[in-house]
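To start, the structure under review is shown below, and the notes come after it.
Any read-out appearing in this document is the output of simple, stated calculations on the displayed coordinates, not a laboratory observation. These numbers were taken from a predicted model, which means no experiment stands behind them. Using ideal geometry, Cβ is built from the backbone for each residue, glycine included, and neighbour counts are taken over all protein chains shown.
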Amino acid sequence: MTDGWHLVIGLEVHCELRTETKLFCGCRNMFGDEPNTNVCPVCLGLPGSLPVLNQRAVELAMAIGTALHCDIRPSTFHRKNYFYPDQAKDYQISQYDEPINVDGWLELPDGFRVRIERAHMEEDTGKTTHAGASGRIHGADYSLVDYNRSGVPLVEIVSAPDLRDAAQARAYATELRAILVASGASDGKMEEGSMRVDANVSVRRSPDAPFGTRCEIKNLNSVRSLGRAIEYEAERQIALLEAGEAVDQQTRHWDETAGRTETLRSKEEAYDYRYFREPDLVPVVPDPEWKAAVADTLGLMPAQRRARLTELLGQGADAVDGRRDQVATVVDLGLDDLVVEAAAAGVPVTLALARTANEAATDAEAARRLDLGAYVALLTMEAAGSLSATQSKAVLADLLVAGGGDPAAIARAKGFEAMSTDSLAATVAEAVAAEPDAWARYRDGEDKLAQVFVGRVMKATRGQANGKAVVAELQRLRG
Amino acid sequence: MTAAPTATEVASAVRSGTVRAASVLEGHLAAIDAAEAGIHAFNLVTREQARNDAAAVDAAVDAGHDPGLLAGVPVALKDNLCTRGVPTTCSSAILAGWRPPYDATVVTRLRRAGAVVVGKTNMDEFAMGSSTETSATGPTRNPHDLGRVPGGSSGGSAAAVAAGFAPIALGSDTGGSIRQPAALCGVVGMKPTYGTVSRYGLVAFASSLDQVGPFARSVADAALCFDVIGGHDEADSTSLNRPTPRVLSVLDDGVEGMTVGVLAEFLDGADPVVVARARAAAEALAAAGARVEEVSVPEVALALSAYYLIAPAEASSNLARYDGVRFGLRVDADDTVAMNTATRSAGFGAEVKRRIMLGTYALSAGYMDAYYGKALRVRTLIIEGFARAYQRCDVLLGPTTPTTAFPLGAKVGDPLSMYLSDVCTIPTNLAGHPAISVPFGTDDAGLPVGVQLLAPALAESTLFRAAAVVEAAAPDAPGRGGGTT
């Protein structure tokens, strides 16, 4: 919402499927190989060649549909006809009016549900590199085409126009990426082009008004670009409308360096794709058994993982609200199993969540490899008061580097013996003696002044004392 | 022309070691040398490769191996079938110089059965035509009368078989492109059920209609070839994954108890001599024990109109890839779009351009449903019409073409009259059914007349049984091999 204007955003996300081979031939589906080495008559569109559908690609498309709560339907392929040098046959084989996945939804971490209109299969094009100053086809000296990507399987996921601001669009893209990775369908690497986002953006005066004329923005290569482009485009459209001009329906190109969108083509220049049923392929009709088998192989999706943690927290909405960021972080980083395992072993969920979101998350890659048993043992020691928070964090740092180990042994090696009750009592007594005024007020009931003594004890013990034990001793002295 | 041996005779003699494949080949190469200049059946004669292949067949026989069902049989391939390392042009300038890196599945199967490929035959450009006159390499002439067309689009293959250049040739049939030239050249030509012969490596014209099939001088040879090239192919998703009918073994089973329907719509408008020949063929079937009746499938009258929307629509998409970027002709220009345009303007002939424009229009936004969509609905009606007829009949019979071979140039200026020469063959393609054209006598000028038999999907066995009976009763049986003296 910018000065009384409301945004309407729908996203089209292209995701390259992580298959061994391409959608319609046996060529390797591999990013970064020597150009034009993973090619054959089929993906080069040579005369006489014919496509044969890759079953694994269909299964991954079904996995995406399942993860997005879609209806998985009998589907067909069409030809989308247009001339372009990286389009080997000068048509793209894509699903059109009978896509494999329809009518699903995606739940954002804040609980908002975005409707998914469809998630259909299609083939990728080759990749053109334009040599010359502009880097684009207009004004290029010459162009090079790499057909390694030609025929790589894609699923295009089309959201309903349910998103209302750039932050929500970013959250959607982030969540969708997590789902694609979790389902095993894609590596979700936007920087390698395995996930590409186009945004349809329009603005209107009121949330109840009909949708305004939209523009489609292409070339969004990161979640950050997506947010920037939407904000720029909304402002551009608002400025037009406020100046009494109209928004032209256009396809626009996001220029990351300049930070603005530019006209790629207008509605009048839009292609007539002349879609018709691909006569070289037969319909795909997944039976219930096949659908069930695909669903069975699907692990927990991010939303389910978040729900699992929320349920463990289980202390009412306030407790959950305050920890939403921690929950989102551990799920995003794929560390939620650490929390679940620790909780199952009796570690308080809040402690497990905090250590995982704040400390383990600093090196998520190491944390994903960390020996679960060692992690649970460490948190159990901390929960029991055998290690202070500071000590526990220090041991964890070592565990992450080593990938595991015996936390008790590491603690001993660091000299983190739990203080005896006697020596703790002596240290607390010293602290009390050093702060007579604070002690008097604490004795009169100012509980928060306990921090003064805890601070002194921590300083004296170089952080090795257990804060809870110190408070317990203070309360004992107060009587 | 002398009566050349049939494929059955050649294969049998080569397999038993009584005749060398090399000598069979040299005999056919000599026939080509003698008459090809006047006929122009071939775009390319692959002499050296053929000699190597024949030598390999002989070596296999010498080593005690069986080279296969077509051992040493020379075959000619329509120039829209991909041959590894050998130019495949579709008789179009746009594919000049292109050598496919792979063999079509049917070519692989022929070679595996011991066949010896002698060359690539002339055709209407991209199989669009009914006279082989739209070829960029010039027309093929009818061996029976060099002033007349051989039919098309597989005119080169039909002429090659009729002229004795090869006992067997392969063609492709999208709207009659095997059967019509077979009829006009006096040879057997068969279009299989859609999906029984692989299209992998057949350069597409209209993918939902195209089917590869044999030309031969006898029904038995056509059956032999069909048995070799038919069967499931994983490389073609429209290839039926089910047992393919085997026809050679049922050829002599006769037509006793069969019901043959003479298709009234095919008789309407055909030349009287052609109608008379078709009726005579029906009588022959009746004499052999079939029940013959007249049937009507009124929907077939709509076939031509539907075909000329569906086939060009698919073609407009199939032919988009000839853009000068990856293979074949490139005419350079200032930018990519200009290069595409210049290449396609120079590389395609008038008939191909006409059909690309027709098809592009038929699929355009706003016209799609009125043209392409309606044509698809008509196609369904035609399938239903045939289904009704096949409730009563085992096979249908009619002329293959309304006329015998017409003079070169007679119809090139009038596309519609050219299109009408396929009026009896197109309905079968729309239905996906099998059909065969069998020579059955001549007209008063001595030009061959073809009788067409049609059967339901996958009823090739029935079709060939009836064809064998018609062939045996044909007025000039058994001495076919070209009618000129």
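Okay, here's what the table says:
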| item | result |
| --- | --- |
| Inter-centroid distance (Cα atoms) of segment A:26-48 relative to segment A:179-249, Å | 32 Å |
| Nearest-20 debye value, chain B charge dipole, Cβ charges on Lys, Arg, Asp, Glu | 580 debye |
| Cβ-based net charge around B:T108, under 12 Å, with every Lys or Arg adding one and every Asp or Glu removing one | +2 |
| Number of partner chain Cβ atoms within 10 Å, mean per residue of B:311-323 | 5 |
| Sorted by Cβ neighbour density within 10 Å, fewest at the top, the residues A:K267, B:K78, A:K291 | A:K267, A:K291, B:K78 |
| Residue order, fewest to most surrounding Cβ atoms within 10 angstrom, among B:V61, A:V247 | A:V247, B:V61 |
| Alpha-carbon Debye profile of chain B, log10 I(q)/I(0) at 0.08 Å⁻¹ | -0.42 |
| Förster radius 41 Å - calculated FRET efficiency between A:K414 and A:D325 (Cβ-Cβ, nearest 0.05) | 0.85 |
| Listed residue (A:G151, A:I230, A:P279) projecting farthest to the positive dipole end of segment A:147-289, Cβ model | A:I230 |
| Shape call, segment B:7-253: gyration tensor on alpha carbons, a/c limit 1.5 | rounded |
| Built amide H within the under 5 Å cut-off of B:G119, gap 5+ | B:T46, B:L77 |
| Expected 222 nm ellipticity per residue - DSSP helices of 4 or more, -39500 (n - 2.57), all of chain B, to 500 | -11500 deg cm²/dmol |
| Gyration tensor (alpha-carbon) shape descriptor, segment A:421-478, a/c threshold 1.5 | prolate |
| P(r), alpha carbons of the protein assembly as shown - 20 Å bins starting at zero, rounded % | 12, 34, 25, 16, 8, 4, 0 |
| Charge dipole magnitude, Cβ of K and R +1, D and E -1 - segment A:6-296, Cα centre, debye nearest 20 | 100 debye |
| A:V401-A:A258 FRET efficiency (beta carbon distance; Förster radius 30 Å; 0.05 resolution) | 0.10 |
| Mean Cβ neighbour count within 10 Å, used as a protection proxy, ranking B:365-373, B:293-301 highest first | B:293-301, B:365-373 |
| Where N is the number of residues in segment B:301-376, Cα Rg divided by 2.2 N^0.38 Å | 1.25 |
| Computed Kirkwood radius, in angstrom, where 1/r is averaged over Cα pairs of segment A:6-296 | 19.9 Å |
| Amide H contacts of B:V297 (H built 1.01 Å from N, under 5 Å, at least 5 apart or other chain) | B:A264, B:E265 |
| Cα-projected label distance for A:A209 with A:T297, points at 7 Å along beta-carbon direction, nm | 4.9 nm |
| Amide hydrogen neighbours beyond the local backbone of B:H433, cut-off 5 Å, H modeled | B:Y194 |
| More than 24 Å apart - percent of Cα-Cα pairs taken over segment B:228-334 | 62 percent |
| Student exercise, segment A:326-417 dipole from Lys, Arg, Asp, Glu Cβ charges, in Debye to nearest 20 | 200 debye |
| Phi-based couplings in Hz for segment B:131-140 (Karplus 6.51, -1.76, 1.60; Gly and Pro marked x) | 8, 6, 8, 8, 4, 6, 9, x, x, 8 |
| Karplus 3J(HN,Hα) series, Hz, for segment A:436-445 with 6.51 cos²θ - 1.76 cosθ + 1.60 (x for Gly, Pro) | x, 4, 4, 4, 4, 5, 5, 4, 7, x |
| Extended-chain gain in nm, criterion 0.36 nm per residue less alpha-carbon gap, A:A426 and A:R56 | 126.3 nm |
| Cα-projected label distance for A:A440 with A:K127, points at 7 Å along beta-carbon direction, nm | 7.5 nm |
| Inter-centroid distance (Cα atoms) of segment B:270-312 relative to segment A:320-352, Å | 78 Å |
| FRET efficiency, A:N221 to A:D287 (Cβ-Cβ, R0 41 Å, nearest 0.05) | 0.60 |
| Loop trypsin sites (Lys or Arg not before Pro), segment A:108-201 (other Cβ atoms within 10 Å of the site Cβ: 15 or fewer; DSSP) | A:R136, A:R164, A:K189 |
| Ranked list, fewest to most other Cβ atoms within 10 Å of each Cβ, for A:H6, A:H78, B:H28 | A:H6, A:H78, B:H28 |
| Fraction in percent of alpha-carbon pairs per bin - 5 Å, segment B:128-275 | 2, 10, 16, 18, 20, 17, 11, 5, 1, 0 |
| Within-12-Å neighbourhood charge of B:A59 [Cβ basis; K, R +1; D, E -1] | -2 |
